[in-house]
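A quick write-up on the structure given underneath.
The values are calculated or read from the model by the stated rules, or taken from the named source; none is laboratory data. This is a predicted model, so every value here is computed, not measured. Glycine also receives a Cβ, built like all others from the backbone with ideal geometry; neighbour counts cover every protein chain displayed. Calculation scope for accessible area: heavy atoms of the full protein, side chains included, ligands and nucleic acids excluded. Shrake-Rupley method; radii C 1.70, N 1.55, O 1.52, S 1.80 Å.
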Amino acid sequence: MTTWIDACATGDIDKEDLIAWTHNGKRLAIYNTEEGFFATDLMCTHEDESLEEGLVIDCVIECPLHGGRFDIKTGRALSAPVNTDLTTYPVKVKNGRVLVLLAE
């Protein structure tokens, strides 16, 4: 069963930034971009490094450890050294809150 989970307020995340969020042991990054809000796994697929301190430009997150980049919207690995995509999660905004669809 999947459920929309209230993650944060829209104002909790600056434009072109992200926050780390944990729900039932699952660690996610929630992004605020010019194209909307998105969610991916928090950990880089290359060296299991947190993306929390990564650089967000447009809809791309750059890992702070080795500079690998991912498309925030699709999770697609964009540049070496990453070659495994991030998992993404559906997001919607309702009444000023960011909701993420997760399996319970």
Seminar exercise, completed: For Cα extents along the principal axes in Å, with candidates (1) 38, 29, 19; (2) 45, 26, 23; (3) 56, 32, 20, the value calculated from the shown model is option (1)
Problem set entry | Under 5 Å, built H, 5+ apart or other chain: amide partners of residue 5 | 100, 101, 102
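Once the piece of chain linking residue 94 and residue 74 is laid out straight, how much longer is it, given 0.36 nm per residue of separation minus the C-alpha distance between them?
Once the chain is fully extended between residue 94 and residue 74, it gains 5.0 nm.
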Exercise. Can you give the accessible area of residue 30 in Å² (nearest 10), computed on protein heavy atoms with a 1.4 Å probe?
Worked result: 0
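What number comes out for accessible area per residue over the chain if the probe is 1.4 Å? Units Å², please.
With the other protein chains kept in place, the chain gives 54 Å² per residue.
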Exercise. What full-extension length gain, to one decimal in nm, is calculated for residue 83 and residue 57 as 0.36 nm per residue of separation minus the Cα-Cα distance?
Worked result: 7.4 nm
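What's the extension gain from residue 104 to residue 47 if we count 0.36 nm per residue and subtract their Cα-Cα distance?
Numbers: separation 57, 0.36 × 57 = 20.52 nm, distance 2.72 nm.
Stretched fully, the residue 104-residue 47 segment lengthens by 17.8 nm.
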Problem set entry | Carbon plus sulfur fraction of accessible area for the chain, probe 1.4 Å, in percent | 44
For this session: Spit out the partnerless Cys residues in the chain, using Cβ distances under 4.7 Å as the pairing rule.
Result: 8, 59
